[in-house]
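J.: The structure under discussion is supplied below as structure tokens; questions concerning it will follow.
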């Protein structure tokens, strides 16, 4: 019989780093509304941070980093659909 040994790698340090990064991004999100800049810049910044945080959560906590390329591609399709919808909406607004 062949023995299969699997060494368990602790992810504690990685998860703490991800938690700190997400906390810093959340703090930045809380600071953006108080900035003295145009409204559209605030909106773009907040949406960008939200997408970034969602990507970090999916990559680390949903374990997409351990998946094959095709599954990552499938997970990114909704984001591509949102970007496409935004482009179409902006095109119709500025026509």
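The values are calculated or read from the model by the stated rules, or taken from the named source; none is laboratory data. Worth saying up front: this structure is predicted, and the values here are computed from it rather than measured. In this analysis, Cβ positions are derived from the backbone assuming ideal geometry, glycine residues included, and neighbour counts consider all displayed protein chains.
J.: Looking only at the range 28-39, decide whether some residue is without any contact (Cβ under 8 Å) to a residue 12 or more places away in the chain and under 14 Å from the mean Cα position of the chain (by Cα).
T.: Scanning the range 28-39 turns up no residue that is without any contact (Cβ under 8 Å) to a residue 12 or more places away in the chain and under 14 Å from the mean Cα position of the chain (by Cα).
J.: Give the range 25-62 a look and list any residue that's more than 26 Å from residue 80 (Cα to Cα) and either in a helix (DSSP H, G or I) or modelled with pLDDT under 90 (or both), or say none.
T.: So the first thing to find is which residues in the range 25-62 are more than 26 Å from residue 80 (Cα to Cα), and the list is 27, 30-31, 33-38.
The answer is 27, 30, 31, 33, 34.
J.: Report yes if some residue within the range 55-65 is touching a helix residue (DSSP H, G or I) at 6+ places or on another chain (Cβ under 6 Å), surrounded by 11 or more Cβ atoms within 10 Å (Cβ to Cβ) and closer than 25 Å to residue 90 by Cα; otherwise report no.
T.: Within the range 55-65 (the criterion being touching a helix residue (DSSP H, G or I) at 6+ places or on another chain (Cβ under 6 Å), surrounded by 11 or more Cβ atoms within 10 Å (Cβ to Cβ) and closer than 25 Å to residue 90 by Cα), the answer is no, since none of the residues qualifies.
J.: Now for a different question. Looking only at residues that are in a helix (DSSP H, G or I) and loosely packed, with under 10 Cβ neighbours inside 10 Å in the range 66-77, which one is modelled with the highest pLDDT?
T.: First, the residues of the range 66-77 that are in a helix (DSSP H, G or I): 66, 69-77.
With loosely packed, with under 10 Cβ neighbours inside 10 Å added as a condition, the list becomes 66, 69-70, 77.
Values: 66: 69, 69: 71, 70: 72, 77: 77.
Filtering the range 66-77 for residues that are in a helix (DSSP H, G or I) and loosely packed, with under 10 Cβ neighbours inside 10 Å, the one modelled with the highest pLDDT comes out as 77.
J.: So, one more: Would you be able to tell me the number of residues in the range 23-40 that are over 27 Å from residue 11 (Cα atoms) and in contact with a helix residue (DSSP H, G or I) (Cβ under 9 Å, 6 or more places away or on another chain)?
T.: 4
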